Amino acid sequence: MTKNLLIVESPAKAKTIEGFLGKDFVVKSSYGHVRDLMKSDKAIDVENGFAPTYEVSQDKKAVISELMKLAKAAETVWLATDEDREGEAISWHLFETLKLKESSTKRIVFHEITKEAILNSIQNPRTIDKHLVDAQQARRILDRLVGFELSPILWKKIKPSLSAGRVQSVSVRLIVEREREVDAHEAKSAFRVVALFDIDKQGMKAILKAELPKRFDTEPEAQAFLDACNGAIFTINDLETKPAKKSPAAPFTTSTLQQEASRKLGFSVSQTMVIAQKLYESGKITYMRTDSLNLSDTALRLAETEVNRSFGKEYHLERKFTTKSKGAQEAHEAIRPTYMNETSVDGESSEKRLYDLIWKRTIASQMADALLEKTTARISISGMKDELVAQGEVIKFEGFLKVYLESTDDEDDEKQDGMLPPLEVGEKLKLNNITATQRFTHHPPRYTEASLVKKLEELGIGRPSTYAPTISTIQKRGYVVKEERQGKERHYVLLTLENAKVAKEDKTEITGAEKNKLFPTDIGTVVNDFLVENFVKIMDFNFTAKVEKEFDEIAQGEKVWNEMIREFYEPFHKNVEFTEKNTERASGERHLGVHPKNGRRIIARIGRFGPIVQIGGGEEDDKPEYASLKADQRLETITLEDALELFKLPRTLGQFEDEDVVVALGRFGPYVRHKGAFFSIPKGTDPLEIELKASTELIEAKRKADKEKIIKTFKEREDVIIQNGRYGPYIAVGKQNVRIPKGTDPASLSLEDCLDLASKQEPAKGRFKKSSKSDTKEPAKKVTKKATKKKPASKAKKTK
């Protein structure tokens, strides 16, 4: 008989823990959630306290079968899933599904996967915390109700296959509203004045850079200032030196780790969480879903030892950070290295880089302030009241800066505090030049994944476990895109005073380039506007944050979960019924004008397959014409002239190989169509100007590339092809891709060899992935009161 069965969520964690426990323990993985709400309208019994009906996932039946056999044979079953609400719920589902007994079941949690932590948790087991389970269950049920009832409304009123969610929809709202702020922004210009002085003292040459604190609104004002400076005497009027200090940032929470990994490493939010999960499960860092800034006493001692050893005692300063968030779990810890003396880890490059970031941030949080000396030099201009100001900063003691400095989302590239050369009050300065550069106000910055997480956290929307899946979902749904966009050319004026002359130059610059920013799509905007207009409460930021607080209250045993659901659901359901009966279809329709030749009206709207412009429509004898918008065009900003250009496509260029060659425009850009095949037109080539010769060259080049891709085919089996892929040669057998053993010449393989390799290759196993902790499950059918009346229990287990 097995003495102990210990169940964790992931196989990687199971493998790590197995090494810490003796032969008396069998460690197995549940591979995440083992059951969920039924995927039908019978999942939630609205009339009977919102009682949920769960079912074991199809892909988990074999796992449950194995765990059930092991549990029956074990004296004690240890449920060691994660320490958050989701982990608690998984333990509860395992307890129910495996039909475990309270007398022989123990629940254990740990913040880090070390031998000491595991053994300590076994010495201090507890029972399953039903309040935490209720909080997770309340979130899951409420989000299912919202998704199942809102989504069908979107299908009817906008277009099929849309979805809505409590957190995802307000996230989209933030991005849509920011885009409209950008559209509404009118750039205003002003002239920034900067002077450069040559310093040549005691054999040391340097450049002193100073700036006029104010800016001029117009070119004549800037010109007048430079004219007044021509021949003026510049003198150091005042030197002020002040001590200053910088303090380190707190250790990482889930949110700040996601933000900083985005800024410093360029990781997406979901990428950061996948890598952090790997580091946690291999015992390298503490639990990665946390909103606590706390470090344990053990961690503080380890950090002190490491700082003293690596940098010296003068660099250490113990700091204890407290979390401002009411819902934060102070008993938990911030994200930190398990062992502070491990400055690096083995593994993939991404794991090494993220671990390095966590190590530096944690160590820096326990280090002394950086001591600085800030110097401000004021420079008088003879005959004028205005002064130029030069600022510099000298580090007197590096402190934590020896290890780490937090990044920001600030996009201002004009910051310039550096070290000033030696200066004296009364010293006359030699002017090199003064420039007055026309600068323009910036529109509010679009969100990055990191700044969106920061905003959601500030508003109290979502929790550590929801940020990554929410941001992934709004992109998968097609409501938001993350992309780079080219800037546009802009003209500006540069005035320069040099060698006693003021010269004017008309210059150009590229402005407005965006990298990895979040943009709303047209469908995202239309869905958002419909929800904001008809579901004010759901889309209200304060209401969404209030719901999160109520989940926290349930977790603390201060609120009953189904009472909270009822308070939410009853007015929400009435809202859904009213909207279904009393609203018109929404398409984001805009009237652009009339066609200059035939007078037919032209509109832009959402069509069945995406945003379109349309000529005509509405009259029985008026057959509309349609054209898709380009990828960089939007319903809210497209003009009549833009729309008319779209109707110049498709163009038939002529014939090639007795078939028409047609140029057309798709959602992903312009293309050439020939014999049912599609050939992308390269960037920079205007589809309205491309000729037949250039198009046939595109066709032939693509055919040649495809031909070179194929290494070998077989007449007996046309579905078996040996070809070159992105990562080298492989065999395609129907839809199965088969690896070719290293050292094997692909061209030497026979048909029998290929089929033999295909039969021996094991089916690809999906990477372990926990069930989503967000509110963004794809809806199935609407939950209605009629559909949820009590019926005989199905085979799935019903629990209240």
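The values are calculated or read from the model by the stated rules, or taken from the named source; none is laboratory data. These figures come from a predicted structure and were not determined experimentally. Virtual Cβ from ideal backbone geometry, glycine too; neighbours counted across all protein chains shown. Areas reflect the complete protein model, heavy atoms only, side chains present, ligands, DNA and RNA absent. Shrake-Rupley method; radii C 1.70, N 1.55, O 1.52, S 1.80 Å.
Here no helices (runs of 4 or more DSSP H) wholly within the stretch 516-614 include at least 3 residues being open to solvent by 60 Å² or more (accessible area, probe 1.4 Å) and within 30 Å of G487 (Cβ to Cβ).
Meeting the requirement of 2 or more residues that are out of contact with any Ser or Thr (no Cβ under 7 Å at 6 or more places or on another chain) and open to solvent by 50 Å² or more (accessible area, probe 1.4 Å), the helices (runs of 4 or more DSSP H) wholly within the stretch 207-323 are 219-229, 269-281, 297-310. For the stretch 328-349, the criterion of being surrounded by fewer than 14 Cβ atoms within 10 Å (Cβ to Cβ), small (G, A, S) and outside any loop (DSSP other than H, G, I, E, B) is met by at least one residue. Which of the residues spanning the stretch 354-384 are among the hydroxyl-bearing types (S, T, Y) and either over 30 Å from A299 (Cβ atoms) or in a strand (DSSP E or B) (or both)? Within the stretch 354-384, T375, T376, S380, S382 qualify.
Take the conditions open to solvent by 50 Å² or more (accessible area, probe 1.4 Å), in contact with a Gly (Cβ under 9 Å, 6 or more places away or on another chain) and over 21 Å from G610 (Cβ atoms) and apply them to K702. Does it pass? No. Taking the condition in contact with a strand residue (DSSP E or B) (Cβ under 8 Å, 6 or more places away or on another chain), surrounded by fewer than 22 Cβ atoms within 10 Å (Cβ to Cβ) and more than 30 Å from P571 (Cβ to Cβ), does D45 pass? In short, no.
Taken over the stretch 639-663, the criterion of being out of contact with any Ser or Thr (no Cβ under 8 Å at 6 or more places or on another chain) and either over 17 Å from P687 (Cβ atoms) or open to solvent by 70 Å² or more (accessible area, probe 1.4 Å) (or both) is satisfied by T639, L640, E641, E645, K648, P650, T652, Q655, E657, D658, E659. Restricting attention to the stretch 486-504, does a residue exist that is of a type in the set (D, E), touching a residue at least 12 places away in the same chain (Cβ under 8 Å), under 29 Å from F440 (Cβ atoms) and open to solvent by 20 Å² or more (accessible area, probe 1.4 Å)? Within the stretch 486-504, one or more residues are of a type in the set (D, E), touching a residue at least 12 places away in the same chain (Cβ under 8 Å), under 29 Å from F440 (Cβ atoms) and open to solvent by 20 Å² or more (accessible area, probe 1.4 Å).
Every residue, every condition in (1) at pLDDT 95 or above; (2) hydrophobic (A, V, I, L, M, F, W, C); (3) under 16 Å from K454 (Cβ atoms), yes or no:
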residue: Q258; (1), (2), (3): yes, no, yes
residue: R263; (1), (2), (3): no, no, yes
residue: M288; (1), (2), (3): no, yes, no
residue: A299; (1), (2), (3): no, yes, no
residue: A303; (1), (2), (3): yes, yes, no
residue: E318; (1), (2), (3): yes, no, no
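The set of residues in the stretch 664-699 that are assigned to a helix (DSSP H, G or I) and open to solvent by 60 Å² or more (accessible area, probe 1.4 Å) comprises K693, E697. With respect to the conditions (1) of a type in the set (D, E); (2) within 14 Å of I141 (Cα to Cα); (3) not in a strand (DSSP E or B), E66 lacks only one, and its number is (2).
Evaluated against (1) open to solvent by 50 Å² or more (accessible area, probe 1.4 Å); (2) under 40 Å from the mean Cα position of the chain (by Cα); (3) at pLDDT 95 or above, I358 falls short on exactly one condition, (1).
Of the helices (runs of 4 or more DSSP H) lying entirely inside the stretch 81-198, those containing at least 2 residues that are more than 30 Å from D41 (Cβ to Cβ) and open to solvent by less than 30 Å² (accessible area, probe 1.4 Å) span 115-123, 166-184. Among the residues of the stretch 740-762, the ones that are assigned to a loop (DSSP other than H, G, I, E, B), modelled with pLDDT under 90 and more than 24 Å from K13 (Cβ to Cβ) come to 3 in all.
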